[in-house]
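Derivation of every value follows stated rules applied to the coordinates shown; laboratory data play no part. This one's a predicted model, so the numbers in the text were calculated from it and none came from an experiment. Note: ideal-geometry Cβ built from the backbone for every residue, glycine included; neighbour counts use all protein chains shown.
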Amino acid sequence: MAISPLSLLVLAGLLGSSATEDLQKKVFVFPTASNNAAVFLKAPLRRPLTSFTVCLRSYTLLTRGYGLFSYATRRNYNEILLYKVNPNEYSLYLGGSTVSFNLPEKQGAESDWEHLCVSWDSATGLVELWVDDHLLPRVGLKKGYAINPEASIVLGQDQDSFGGGFDINQSLVGEISDVYMWDRVLSADEVNLVWNDHRVDNSLIDWRDLDYETRGYVVLHPPFFQATD
Ligand SMILES: *[C@@H]1O[C@H](CO)[C@@H](O)[C@H](O)[C@H]1NC(C)=O
């Protein structure tokens with residue numbers, strides 16, 4: 001059968017071949033609380049995930065809870081959810097279950113960018129949360145689980161439906177940068193590289209080649225911080 005230009009166009013649309021962009025030295029600013037501002041990310045997920053690592057940087061003065069990275073499927077809106085409960089606590093939801101991490105009190109009171117890497121491995125169920133290159137004590141959940149690859153991935157909100165259901169009181173007011181996802185658990189050396197803004201290859205979500213779409217009031221802006229190297 002001959003392939004018409006139209007069917008190629010439709011095929012390209014189905015494959016989600018939208019343009020990608022290098023966002024190095026850029027940040028997404030979420031300037032106000034809102035129930036519609038969000039960044040939607042596309043990732044080439046093809047099979048169930050039995051391990052992953054997500055890394056990102058964020059900056060906020062919020063003391064209430066907010067969604068940072070929300071990976072919803074049609075069956076489970078909290079398939080993966082990285083949620084900041086309060087300035088000293090993170091929660092990771094996975095396949096509907098959850099674990100919490102209480103952070104050590106920070107030295108000094110100044111707020112600053114916080115770098116996170118969170119990983120999970122189905123074989124052990126262990127979750128590793130790295131905050132500014134510091135590994136918190138590991139905890140576990142959903143041993144043996146596989147994450148559904150048909151996902152809607154959102155930054156700055158918590159999805160309570162597939163691709164929506166945002167709650168203004170769980171929205172990020174602040175900034176996000178350097179978002180990456182891999183389909184494996186990064187080693188300590190790799191986390192250190194990512195923290196130092198070096199590249200670790202073969203990511204599913206790549207800040208330097210990002211397939212994204214913003215909705216609502218989100219501003220892509222240069223950051224005020226300087227590269228450390
Ligand atoms: C958000 O929080 C405010 C203050 O607590 C409350 O009045 C409002 O009803 C909440 N909105 C939603 C959608 O939950």
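Table for the structure above
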{"quantity": "Length added when fully stretched, Leu136-His198, from 0.36 nm per residue minus Cα-Cα", "calculated": "20.1 nm"}
{"quantity": "Inter-probe distance in nm under a simple model that places probes 7 Å from Cα toward Cβ, at Ala188 and Glu150", "calculated": "4.1"}
{"quantity": "R0 of 45 Å, Cβ-Cβ distance Leu220-Thr124: FRET efficiency to nearest 0.05", "calculated": "0.75"}
{"quantity": "Tilt relative to the chain, helix 5-14 - C-alpha long axis, 0 to 90 degrees, to 10", "calculated": "20"}
{"quantity": "Per-residue [θ]222 nm for the chain (sum of -39500 (n - 2.57) over DSSP H runs n ≥ 4, rounded to 500)", "calculated": "-2000 deg cm²/dmol"}
{"quantity": "Chymotrypsin sites (Phe, Trp or Tyr not before Pro) lying in DSSP loop within the stretch 176-219, provided at most 16 other Cβ fall within 10 Å", "calculated": "Tyr217"}
{"quantity": "Fewest-first sequence of Leu172, Leu45, Leu94 by Cβ atoms within 10 Å of each Cβ", "calculated": "Leu45, Leu94, Leu172"}
{"quantity": "Two-decimal log10 I(q)/I(0) for the stretch 63-164, as the Debye equation yields it once each C-alpha is a single scatterer, q = 0.12, 0.14, 0.25 Å⁻¹", "calculated": "-0.40, -0.54, -1.43"}
{"quantity": "Estimated inter-spin distance, Phe162 and Lys25, nm [label 7 Å along Cα→Cβ]", "calculated": "4.1"}
{"quantity": "log₁₀ of I(q)/I(0) at q = 0.10, 0.12 Å⁻¹ - the chain, Debye sum with one point per alpha carbon", "calculated": "-0.44, -0.63"}
